[in-house]
Amino acid sequence: MLQYRSNQEFIDTYLAKKEALQKEKERQELMQKGAIKIQAWWRGVMVRRKLGPYRPTEKKKKRQAKTKK
């Protein structure tokens with residue numbers, strides 16, 4: 001009977017740890033998806049406002065200058 005109780009305690013602690021790890025993994029995935037959505041929104045704002053690294057390049061002016069010569 002003593003062996004059964006120790007085995008059962010081991011199984012219970014293992015299952016509790018496994019469940020805790022699963023919940024932590026799900027929380028991390030949720031945080032990751034949220035961060036991706038925020039980053040995508042911010043990049044969209046930057047592109048629509050033509051700010052930061054999303055500024056249009058000035059290729060038109062360079063092409064016109066080369067063709068006029």
Report the local net charge at residue 24: Lys and Arg +1, Asp and Glu -1, summed over other residues whose C-beta lies under 13 Å from its C-beta. +2
What list of ³J(HN,Hα) couplings, whole Hz, do you get for the range 46-52 from phi and the Karplus terms 6.51, -1.76, 1.60, once you set θ to phi - 60° and write x for glycine and proline? 4, 5, 5, 8, 6, 10, x
How big is D, in µm² s⁻¹, for the range 2-68 by Stokes-Einstein at 37 °C and 0.692 mPa s if Rh is the Kirkwood radius over C-alpha pairs? 191
For the range 24-36, in order, what is each residue's ³J(HN,Hα) by Karplus, 6.51 cos²θ - 1.76 cosθ + 1.60 with θ = phi - 60°, in whole Hz (x at glycine and Pro)? 5, 5, 5, 5, 5, 5, 5, 4, 4, 5, x, 5, 5
Would the range 1-41 count as rounded, prolate or oblate if I go by the C-alpha gyration tensor, calling it rounded below 1.5 in a/c and otherwise prolate when a/b exceeds b/c, oblate otherwise? prolate
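FYI, it's all coordinate maths here, none of it is from the lab. On a predicted model such as this, the values are computed, not experimentally measured, just so you know. Positions of Cβ are generated from backbone atoms using ideal geometry, with glycine treated the same way; all protein chains shown enter the neighbour counts.
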